[in-house]
């Protein structure tokens, strides 16, 4: 079994168990954080765990999506007349 598959399965098991106990999303997050199964929190297994954790937290509504380019700033409005510079007339 791969690290990713093991991490995903562990997280899903934790979520299923927590939902059966009617945990809130924040309680589920704490349970996921406690449920890390790979020993020391370092190296590749931990990186995979964090990626799978991020996916799960997003699905639970605890994380907001970010832009793909990593830029969290909103784009500035285009100054008037700039869009017409290269348009065909």
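The values are calculated or read from the model by the stated rules, or taken from the named source; none is laboratory data. All figures in this text were calculated on a predicted structure; none of them were measured in a lab. Using ideal geometry, Cβ is built from the backbone for each residue, glycine included, and neighbour counts are taken over all protein chains shown.
The residue of region 45-79 that is modelled with the lowest pLDDT, among those that are more than 14 Å from residue 7 (Cβ to Cβ) and surrounded by 10 or more Cβ atoms within 10 Å (Cβ to Cβ), is 67. Exactly one residue out of 82, 42 is over 17 Å from residue 12 (Cα atoms) and at pLDDT 85 or above: that is 42.
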